[in-house]
Structures are given as C-alpha cells and as structure tokens.
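> Just passing along the structure, written as structure tokens.
Read-outs throughout are calculated quantities, based only on the coordinates presented, and are distinct from any laboratory measurement. This structure is a prediction, so every number in the text was calculated from the model and none was measured. Cβ sites come from the backbone with ideal geometry, for glycine too, and all protein chains shown count toward neighbours.
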Amino acid sequence: GAVVSQHPSWVICKSGTSVKIECRSLDFQATTMFWYRQFPKQSLMLMATSNEGSKATYEQGVEKDKFLINHASLTLSTLTVTSAHPEDSSFYICSGEGQGGSIRFTDTQYFGPGTRLTVL
Amino acid sequence: GQQVMQIPQYQHVQEGEDFTTYCNSSTTLSNIQWYKQRPGGHPVFLIQLVKSGEVKKQKRLTFQFGEAKKNSSLHITATQTTDVGTYFCAGGDYKLSFGAGTTVTVRA
C-alpha cells in the first residue's frame with residue numbers, strides 16, 4: 001500500500017523551543033495532507049488540512065501561529081510547533097491523500113507512523 | 001458539524017469468540033472507512049465502503065455499511081490475539097471525522 005513516512009519518530013525538547021516534523025509520501029503524490037494529534041487512549045483530532053502550494057486550513061481552536069504548516073511539494077509537508085510548551089506534548093500523525101504510485105483509493109488517507117513529542 | 005460515534009469504547013474478548021463494533025453518524029456519509037491502530041502504532045487503513053448496504057469481507061473481518069449510509073459495523077469472528085488494537089471508523093466527504101474507537105483486548 002501507499003507509504004507515508006514521518007521524521008523524527010520521537011523528539012524531546014525544552015519548553016520554548018521550536019520543533020519541526022516532516023511528513024513525506026514515498027510512493028504517491030499527496031495533493032492533500034492532514035495533520036492530527038492524538039492524546040493517550042483518545043481518538044485522532046484533526047488539526048489542519050493542507051493542499052500542495054496553498055495555505056493550510058486550520059480546525060477551530062488550533063492556533064495557526066503556533067502550529068505552522070507548509071506543504072511545498074506533492075511529497076512533503078512540515079509541521080512546526082513553535083515555542084513548544086508541555087501541554088503540546090502529544091502524538092502527532094500526518095496522513096496523505098492523492099494519486100499515482102500505489103494509491104488504490106484517491107479519497108483514502110494513508111497515515112504516517114507518527115511523531116511523539118515530549119516537551120519538558 | 002458531522003459527528004461519528006462508535007460503541008463500545010472497550011471490548012474484552014475471549015480468544016475464539018466473535019464481536020461487533022458499531023459506528024453511527026449524525027449525517028449521511030458518502031463513504032465510511034475503517035482503520036486499525038495497534039498499541040504504540042499508527043492507524044492503518046483497512047477498508048472503505050461506499051455503497052448503501054455494502055458488505056465487504058477480509059478473512060475474519062466483515063464490514064457493513066447501512067442502507068441509509070449513516071451507520072456501519074465491523075464484525076470479527078473467531079477473535080485471535082493478533083486482533084488486539086483500536087478500531088476506528090471514519091467518515092466524511094473531504095475531512096474525515098473519526099469515531100472514538102473501540103479498543104479490543106483478547107484473553108487467551
């Protein structure tokens with residue numbers, strides 16, 4: 001199936017620093033990428049949707065100046081958590097939706113392995 | 001907005017038994033998707049249902065989409081320890097709304 005990678009898989013940082021998470025579609029063109037966060041034993045909460053070359057659309061309650069999303073190419077989107085605080089500690093998961101390569105359903109999201117962020 | 005609800009939240013199953021998890025939407029869905037997330041892992045796509053009343057099978061897993069396209073179910077027969085994990089349903093035209101998930105544990 002379609003493969004999405006995320007880097008790093010885990011990161012520990014000090015409060016006040018910024019952290020960048022990369023999401024790559026390895027074998028298809030991700031025209032749309034989605035960023036989720038997941039708290040322990042909870043469901044996925046959509047943070048934002050980004051289309052290649054456009055500004056991201058953020059969900060209500062998600063601070064766009066804190067969670068910067070860039071989708072510069074059809075295979076790469078980045079999420080930067082700026083001035084991270086302990087309450088930002090979470091599991092961040094991206095997914096890609098698109099066409100080409102090994103894509104079977106064009107409206108199915110293929111998830112990355114996630115990035116576990118811990119802010120001290 | 002659209003809400004997707006899933007029950008039960010937890011399912012503790014004896015190995016070899018069957019169980020079903022249910023998904024209900026407040027609005028009609030164009031399609032419904034099911035994902036499985038193993039402990040410590042990420043959601044993995046299982047299947048997509050599009051047609052009213054559609055039934056699809058994957059080995060011991062049977063997925064069904066309701067006639068009104070507002071509900072869906074996942075039935076697992078002869079549960080195995082490999083079935084452990086959280087099963088999410090998700091629906092939506094563009095943005096997926098995820099259910100809370102059903103976390104399955106299996107006792108041998």
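> Gain in length, A:Trp10 to A:Lys64, computed as 0.36 nm per residue apart minus the alpha-carbon separation, to one decimal in nm?
So the extension gain works out to 17.2 nm.
> Output wanted: per-residue J couplings in Hz (rounded whole) for the stretch A:112-120, from phi through Karplus 6.51 cos²θ - 1.76 cosθ + 1.60, θ = phi - 60°, x for Gly and Pro.
Ordered by residue, 3J(HN,Hα) equals x, x, x, 10, 8, 9, 10, 10, 8 Hz.
> Moving on to the next point. Given A:Lys14/A:Lys64; A:Lys41/B:Lys57; A:Lys20/B:Lys95; B:Lys36/B:Lys57; A:Lys66/B:Lys36; A:Lys41/B:Lys36, which pairs have Cα atoms separated by over 18 Å?
In this structure, A:Lys14/A:Lys64; A:Lys41/B:Lys57; A:Lys20/B:Lys95; A:Lys66/B:Lys36 exceed 18 Å between Cα atoms.
> For the stretch A:17-100, report the % of Cα-Cα distances exceeding 19 Å.
Within the stretch A:17-100, distances greater than 19 Å cover 33 percent of Cα pairs.
> Got a sec? Which residues in the stretch B:12-34 would a label at B:His75 touch, if it sits 7 Å along Cα→Cβ and we count backbone N under 12 Å?
B:18-21
> Considering Cα pairs under 8 angstrom that are at least six residues apart, work out the relative contact order of chain B and quote it in whole percent.
Working: 279 pairs, mean separation 40.7, N = 108.
Reported relative contact order: 38 percent.
> Alpha carbon centre of the stretch A:23-93 versus the stretch B:33-92: separation in Å?
25 Å
> Would you mind computing Rg(Cα) / (2.2 N^0.38 Å) for the stretch B:33-72, counting N as its residues?
Working it through for the stretch B:33-72, the quotient is 1.28.
> I'd like the FRET efficiency for B:His12 and A:Met45, computed as 1/(1 + (r/R0)^6) with the beta carbon distance as r and R0 of 22 Å, rounded to 0.05.
0.30
> Under a point-charge model restricted to the Cβ atoms of Lys and Arg (+1) and Asp and Glu (-1), what is the dipole moment magnitude of the protein assembly as shown relative to its Cα centre, in debye to the nearest 20?
Around 200 debye, computed over the protein assembly as shown.
> Taking the Cα centre of chain A as the origin, how large is its charge dipole in debye, to the nearest 20, when only Lys and Arg (+1) and Asp and Glu (-1) carry charge on their Cβ atoms? Working shown, then result.
On the way: 10 positive and 10 negative charges, 51 e Å.
Around 240 debye, computed over chain A.
> Taking the Cα atoms of the protein assembly as shown alone, what are Rg (to one decimal) and Dmax (as a whole number) in Å?
Answer for the protein assembly as shown, Rg first and Dmax second: 17.7, 52 Å.
> Which order do B:Arg60, A:Arg116, B:Arg107, A:Arg37 fall in if you start with the one that has the fewest other Cβ atoms within 10 Å?
On the way: B:Arg60 14, A:Arg116 17, B:Arg107 10, A:Arg37 22.
Least to most surrounded, the residues fall as B:Arg107, B:Arg60, A:Arg116, A:Arg37.
> Next question. For B:Val13, list long-range residues whose amide hydrogen, built 1.01 Å from N in the peptide plane, is under 5 Å from its own amide hydrogen.
Long-range HN contacts for B:Val13: B:Thr105, B:Val106, B:Arg107.
> A further question on this structure: Got a sec? How would B:Ser25, A:Ser77 order by Cβ neighbour count within 10 Å, fewest to most?
Lowest to highest Cβ neighbour count: B:Ser25, A:Ser77.
> Ordered by residue, what ³J(HN,Hα) values in Hz, to whole numbers, does the stretch B:12-23 give under the Karplus form 6.51 cos²θ - 1.76 cosθ + 1.60, where θ = phi - 60° and Gly and Pro are x?
These are the phi-based 3J(HN,Hα) values: 9, 10, 6, 3, x, 8, 9, 7, 9, 10, 10, 10 Hz.
> Let me have the relative contact order for the stretch A:62-120, percent, based on Cα pairs under 8 Å that are six or more residues apart.
With pairs under 8 Å counted, the relative contact order is 31 percent.
> Quick check of the Kirkwood formula: for the stretch B:46-108, what is the inverse mean of 1/r over all pairs of different Cα atoms, in Å? Numbers along the way, then the final one.
Numbers: mean 1/r = 0.0780 Å⁻¹.
Over the stretch B:46-108, the inverse of the mean reciprocal pair distance is 12.8 Å.
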